[in-house]
Amino acid sequence: MDARIDFNCDLGEGCGDDAAILPYVSSANIACGGHAGDEATMRATLRLCREHGVAAGAHPGYDDPEHFGRRVLPLDRDEISMLVLRQLARLAALADDEGLRLSHMKPHGALYNLAADDRIVAEAIVGAVAAFDPKLAVYGLSGSELTAAAEAAGLRAVHEVFAERGYGGNGRLLPRGTPGAVLETLDEAIAQVHGLAKRGEVVAAGGQRLQLRADSLCLHGDRADAPAFARAVRAALEADGIRILAIDAA
């Protein structure tokens with residue numbers, strides 16, 4: 001069996017060393033002016049993607065840079081669709097200018113987590129993607145309402161798992177600020193990566209073992225040690241005989 005996984009990272013957020021991370025990942029989710037990012041950061045990240053042969057995707061979030069898009073804003077379905085459409089269009093225009101085509105869309109932060117359980121929000125996001133470019137893949141938390149909505153709409157759903165975030169017994173990410181929400185040490189993260197990539201298994205809070213579909217593995221690029229984590233995660237995957245390929249790669 002051909003063992004493979006996409007290795008993605010949230011980039012262009014102005015708070016990490018993107019240039020040191022890009023050589024190790026296969027896909028980049030680029031902040032497009034909502035929770036973070038401006039034309040300069042978007043162009044810089046797109047150019048790094050082109051340089052390293054990394055698939056470029058949009059990472060839309062709530063227009064709330066003060067809180068880094070990590071609080072839910074009271075938007076209705078149409079407002080969420082327009083937010084996603086606006087940010088997609090902004091990044092896609094710059095990508096076209098740089099000779100690239102976007103491959104996917106992954107919501108950020110609070111919007112991502114809300115879409116995991118709220119079907120209306122998930123459908124609003126998926127509707128925006130379908131209206132803008134139905135060839136874009138939709139990244140969502142593995143087994144979530146977002147991946148289900150994408151599949152129902154006939155879009156490519158990418159079930160995402162996380163290298164250094166803790167899970168609850170329901171398969172959702174533990175809220176930031178709670179014990180175990182972020183795996184602080186490289187050893188913890190590598191152990192989780194091995195389980196997810198080889199068996200689709202993660203040990204949740206309380207010791208419960210969960211089975212998850214793992215199409216893509218995410219590392220957050222805003223942590224200070226992200227370059228070292230990216231290098232170590234890639235080495236661990238390759239040591240397991242797992243090929244690291246973008247979703248659209250043959």
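The values are calculated or read from the model by the stated rules, or taken from the named source; none is laboratory data. No experiment lies behind these values; they were computed from the predicted model shown. Neighbour counts run over all protein chains shown; Cβ positions are idealised from the backbone, glycine included. These area figures cover heavy atoms from the full protein model, side chains too; ligands, DNA and RNA do not enter into them. Shrake-Rupley method; radii C 1.70, N 1.55, O 1.52, S 1.80 Å.
Just check the chain against the gyration tensor rule for me: Cα atoms, a ≥ b ≥ c as the square roots of the eigenvalues, rounded for a/c under 1.5, and otherwise prolate or oblate depending on whether a/b exceeds b/c.
Since a/c stays below 1.5, the shape of the chain is classed as rounded.
Using +1 at the Cβ of each Lys and Arg and -1 at the Cβ of each Asp and Glu in segment 1-96, identify which of VAL72, LEU94, ALA55 lies farthest towards the dipole's positive end.
My answer, from the dipole projection, is ALA55.
Sort MET82, MET105 from largest to smallest accessible area, using a 1.4 Å probe on the heavy atoms of the protein chains.
From most accessible down to least: MET82, MET105.
Quick check: from the Cα gyration tensor, does segment 41-171 come out rounded (a/c under 1.5), prolate or oblate?
Rounded, since a/c falls under 1.5.
Quick one: Debye curve from the C-alpha atoms of segment 4-51, no solvent, what's log10 I(q)/I(0) at q = 0.21 Å⁻¹?
So the normalised log intensities are -0.64.
Taking a ≥ b ≥ c as the square roots of the Cα gyration tensor eigenvalues, with a/c under 1.5 meaning rounded and otherwise prolate when a/b beats b/c, else oblate, which class fits segment 54-108?
prolate
Under a GNM of the chain (C-alpha, springs under 10 Å), which listed residue has the highest mean-square fluctuation: ALA40, ALA124, ALA95?
Ranking ALA40, ALA124, ALA95 by mean-square fluctuation puts ALA40 first.
Which distance in Å, rounded to a whole number, links the C-alpha centroids of segment 161-183 and segment 1-39?
20 Å
Solvent-accessible area per residue for segment 22-131 at a 1.4 Å probe radius, Å²?
Counting only protein heavy atoms, the per-residue value for segment 22-131 is 40 Å².
Treating only the Cβ atoms of Lys and Arg (+1) and Asp and Glu (-1) as charged, compute the dipole magnitude of the chain about its Cα centre; round to the nearest 20 debye.
Using Cβ point charges on Lys, Arg, Asp and Glu, the chain gives about 520 debye.
On the accessible surface of the chain, probed at 1.4 Å, how many percent belong to carbon and sulfur atoms?
Reported share for carbon and sulfur atoms: 51 percent.
Amide H to amide H, which residues 5 or more places from CYS218 or on other chains are under 5 Å from it, using H placed in the peptide plane?
HN-HN under 5 Å from CYS218: ASN8, VAL161, PHE162, ALA163.
Quick one: compute the contact order of segment 160-244, relative version, from alpha carbon pairs under 8 angstrom and 6+ residues apart, as a percent.
32 percent
Please report, in whole Å³, the volume per residue of the convex hull around the C-alpha atoms of segment 1-115.
In segment 1-115, the Cα hull volume divided by residue count equals 111 Å³.
Quote to one decimal, in nm, the extra length available between ARG101 and VAL203 on full extension: 0.36 nm per residue of separation minus the C-alpha distance between them.
Here the segment from ARG101 to VAL203 would lengthen by 33.1 nm.
Residue by residue through segment 56-70, what is 3J(HN,Hα) from phi via Karplus (6.51 cos²θ - 1.76 cosθ + 1.60, θ = phi - 60°)? Round to whole Hz and write x for glycine and proline.
9, x, 8, 10, x, x, 4, 6, 8, x, 4, 10, 6, x, 9
If you count only protein heavy atoms and use a 1.4 Å probe, how large is the accessible surface of PHE68, to the nearest 10 Å²?
Only protein atoms counted, so the area is about 40 Å².
Where in segment 108-136 does the amide nitrogen come within less than 14 Å of the point 7 Å from the Cα of HIS67, taken along Cα to Cβ?
The answer is 109-114, whose backbone nitrogens lie closer than 14 Å to the label point.
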